[in-house]
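See structure below.
The values are calculated or read from the model by the stated rules, or taken from the named source; none is laboratory data. Here the structure is a predicted model, which is why all the values come from computation and not from measurement. With ideal geometry, Cβ positions are generated from the backbone for all residues, glycine too; neighbour counts draw on all protein chains shown. Surface accessibility is based on the protein's heavy atoms, side chains included, excluding ligands, DNA and RNA. Shrake-Rupley method; radii C 1.70, N 1.55, O 1.52, S 1.80 Å.
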2 protein chains.
Amino acid sequence: MSGDEEARHKERTQKHKAVVDARIAAATQDKGLLLVLTGNGKGKSSSAFGMVARTLGYGRRAAIFQFIKGKEEVGERAFFAAHPGVTWERCGEGFTWETQDRQGDIATARAGWEKAKAALADPAIHLVVLDELTYLLTYRYLALEEILPPILARPPMQHVVVTGRAADEALIEAADTVSAIRDVKHAFRAGVRAQQGIDL
Amino acid sequence: MSGDEEARHKERTQKHKAVVDARIAAATQDKGLLLVLTGNGKGKSSSAFGMVARTLGYGRRAAIFQFIKGKEEVGERAFFAAHPGVTWERCGEGFTWETQDRQGDIATARAGWEKAKAALADPAIHLVVLDELTYLLTYRYLALEEILPPILARPPMQHVVVTGRAADEALIEAADTVSAIRDVKHAFRAGVRAQQGIDL
């Protein structure tokens, strides 16, 4: 890069920095966030678990509720469940086509949601992960009217992450941050089974 | 639910289970995956950190290279860097508009990439996270010809996760799994600054 190019780079980046700095200066609020991670792509639950790691990094507490999966022993549970800052609740017995017992699935979901409500009322818990919560609504195990009020009434600095495909429009409307994860390509369709450390 | 409805539910779920089971049975291969998490939405790096947690849950090793961010102390680093199964390398001094020193940024990126290449040649490392690698290509700090061959020549069971916006088409082509994370809504735009445990 010539001296001229260096100078132009510096001018450009100074302008860009001014724009970014102004945006950052405008964002001053602290708030417990409701995040929804939806879509069919890989990365919804793993992102929630990354936020659990971040939370623990500040010495804060996280509570994780898994509403569908739960039977199998997986890497994230082996890693986090033993941590003193983590509460881990398996509230599911598998997808409805696995259990083939709708009444049982509803009872399991309802029992899980009662435990989650207790976490959503506890200001000592910095982050509540409601993993695969969206399916409780999709399958009509629970009504939106049971789910949304305890989330909205939570302590003001508590963060909540909801994961799962096809998030209900009312959940998206209520959320502060929403990511829709598009499945551009997935190794599973090329014949690769779930890999330890990546998918489970 | 009536007896009839129960029976229909059971029939439907049995059919669905047969389809899902057949798909799972068809996916038999084990393979070190290249995952690309791109798009402008929240959840790319946090998803990579969730996969680090999963990997550690199986007692395996992970190496993390952060190509842009790195100056600030963040939750994920506080949490993971002390773990004996984790190698954590800060290979960046911030975005180019922060440093305003293109030659310095290129030298930093190149030094970081040399370290990453060593991890990509080490079969004892189960997962390599190349966090915000895409920007090295976007800003032309490094050429695709320097980046792609060491990734493709890695040990066959090693997984690699690349994160960052606007992933290069060649990287997407080479990947096994690609998620494009769409920014539907972000609290930052509503005036909320980066929150501990969620964004850092």
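If you put a point 7 Å past Cα along the Cβ direction, how far is that point for B:Gln103 from the same point in each other copy, in nm, smallest first?
For B:Gln103, the inter-copy label distances come out at 7.8 nm.
For B:Ala121, place a label point 7 Å out from Cα along the Cα→Cβ vector, do the same in each other copy, and report the separations in nm, one decimal, smallest first.
5.9
Could you give the accessible area per residue of the range B:41-135, probe 1.4 Å, as a whole number in Å²?
Values: 3210 Å² over 95 residues.
In whole numbers, the range B:41-135 has 34 Å² accessible per residue.
I want the local charge near B:Thr87. Using Cβ-Cβ distances under 10 Å, sum +1 for each Lys or Arg and -1 for each Asp or Glu among the other residues. It would help to have the intermediate numbers written out before the result.
On the way: positive: B:Arg61, B:Lys115; negative: B:Glu89, B:Asp122.
Surrounding charge for B:Thr87 is 0.
Can you give the FRET efficiency to the nearest 0.05 for A:Ala18 and B:Asp101, using r as the Cβ-Cβ distance and R₀ = 22 Å?
Approximately 0.85, to the nearest 0.05.
Between copies, how close do the A:Arg193 label points come, placed 7 Å along Cα→Cβ, listed in nm from shortest?
When each copy's label point is compared with this one, the spacings are 4.9 nm.
Please report the Cα spread of the protein assembly as shown along all three principal axes, rounded to whole Å, starting with the longest.
Per principal axis, max minus min of the Cα coordinates gives 81, 47, 35 Å.
Evaluate the Kirkwood expression for the hydrodynamic radius of the range B:1-151, namely the inverse of the mean inverse distance over all pairs of different C-alpha atoms, and round to one decimal in Å.
Result for the range B:1-151, one decimal place: 18.2 Å.
Within the accessible area of the range B:31-190, what % is carbon and sulfur when the probe is 1.4 Å and the other protein chains stay in place?
Ligands and nucleic acids excluded, carbon and sulfur reach 53 percent.
Given a Förster distance of 22 Å, report the FRET efficiency between B:Ala190 and A:Ala153 from their Cβ-Cβ distance, rounded to the nearest 0.05.
Working: r = 20 Å, r/R0 = 0.90.
Approximately 0.65, to the nearest 0.05.
Roughly what would the spin-label model give for A:Arg110 and A:Ala82, points 7 Å off Cα along C-beta, in nm?
That separation, rounded to one decimal, is 3.7 nm.
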